[in-house]
Amino acid sequence: GESVGLHLPTLSVQEGDNSIINCAYSNSASDYFIWYKQESGKGPQFIIDIRSNMDKRQGQRVTVLLNKTVKHLSLQIAATQPGDSAVYFCAEFGSSSASKIIFGSGTRLSIRP
Amino acid sequence: NAGVTQTPKFRILKIGQSMTLQCTQDMNHNYMYWYRQDPGMGLKLIYYSVGAGITDKGEVPNGYNVSRSTTEDFPLRLELAAPSQTSVYFCAASPTNEKLFFGSGTQLSVL
């Protein structure tokens, strides 16, 4: 899950297994969410998004699940590969204002060979 | 299509120096943003712009200034650099203030 501070939570997964990364968002009025992937030394890269009128959305090897009741978002990565190693974080959008975009601090995903 | 381009990639400043972080985008997106990312923390919004000629403060604007004279460019100015401004800076652009596209970042150290 997300956390604030110097030490990111880390998820270690065997190559080929599925990964599940969690995010607890803060604003019950948030109606749009994005998962980003950030590799070391690079900028965040868009992975997948979901609106609050959906509870599941699938992409290529990735699925995002949204549970509005408990304000929880998850990212599932199927058949995790070495190239999936990165920090993953969610972003919540509470209104049309740019100042209302909230980014989580992220979870580091490491892949065991 | 280069997307969002930031320069420089790395910079070391002495306390009190000033510099401009450059950001340019070739996607013709109206929205542009500057964020800073401190170790283990989420992105913090410094300034943003909803179009040429319009800028607004974000969460942490103190010590920074921006301008948006064209759709393409959104430079971030640091005046009187301080150690607290040591961070990684990301510029982003978006067509609709939803799906943000980020540059590769500028790593700044103030010593």
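The values are calculated or read from the model by the stated rules, or taken from the named source; none is laboratory data. Small disclaimer: the values here were computed from a predicted structure and weren't measured. Note: ideal-geometry Cβ built from the backbone for every residue, glycine included; neighbour counts use all protein chains shown. Heavy atoms of the whole protein, side chains included, go into the accessibility calculation; ligands, DNA and RNA do not. Shrake-Rupley method; radii C 1.70, N 1.55, O 1.52, S 1.80 Å.
Restricting to the range B:44-69, and then to whatever is hydroxyl-bearing (Ser, Thr, Tyr) and over 25 Å from A:Phe46 (Cα atoms), can you tell me which residue is nearest to the other protein chains (Cβ to nearest Cβ)?
Looking at the filtered set, the residue picked out is B:Tyr64.
Taking the stated definitions as given, is A:Gly41 within 14 Å of chain B (Cβ to nearest Cβ) and open to solvent by less than 50 Å² (accessible area, probe 1.4 Å)?
Against the criterion (within 14 Å of chain B (Cβ to nearest Cβ) and open to solvent by less than 50 Å² (accessible area, probe 1.4 Å)), A:Gly41 does not qualify.
If B:Ala81 satisfies all but one of (1) under 29 Å from A:Phe33 (Cα atoms); (2) away from every other protein chain (no Cβ under 12 Å); (3) open to solvent by less than 20 Å² (accessible area, probe 1.4 Å), what's the number of the condition it fails?
(1)
Being touching a residue at least 40 places away in the same chain (Cβ under 8 Å) and either acidic (Asp, Glu) or assigned to a loop (DSSP other than H, G, I, E, B) (or both) is the filter here; which residues of the range B:79-107 pass it?
B:Glu79, B:Leu80, B:Ala81, B:Ala82, B:Pro95, B:Thr96, B:Asn97, B:Leu100, B:Gly103, B:Ser104, B:Gly105
This table checks each residue for (1) at pLDDT below 90; (2) of a type in the set (Asp, Glu); (3) touching a strand residue (DSSP E or B) at 6+ places or on another chain (Cβ under 6 Å).
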{"position": "A:Glu2", "(1), (2), (3)": "yes, yes, yes"}
{"position": "A:Ile77", "(1), (2), (3)": "no, no, yes"}
{"position": "A:Pro82", "(1), (2), (3)": "no, no, yes"}
{"position": "A:Phe103", "(1), (2), (3)": "yes, no, yes"}
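Tell me the residue from A:Thr107, A:Thr10, A:Thr69 that is closer than 27 Å to B:Ser87 by Cα, at pLDDT below 95, open to solvent by 20 Å² or more (accessible area, probe 1.4 Å) and β-branched (Val, Ile, Thr), please.
None of the others qualify; the one that does is A:Thr10.
Do we have any residue at all in the range A:46-54 that's closer than 26 Å to B:Lys9 by Cα and open to solvent by 40 Å² or more (accessible area, probe 1.4 Å)?
Yes: one or more hits.
I need the strands (runs of 3 or more DSSP E) fully contained in the range A:14-113, keeping only those with at least 1 residues that are over 15 Å from the mean Cα position of the chain (by Cα) and either over 21 Å from B:Gln37 (Cβ atoms) or in contact (Cβ under 8 Å) with a residue 40 or more places away in the chain (or both).
A:107-112
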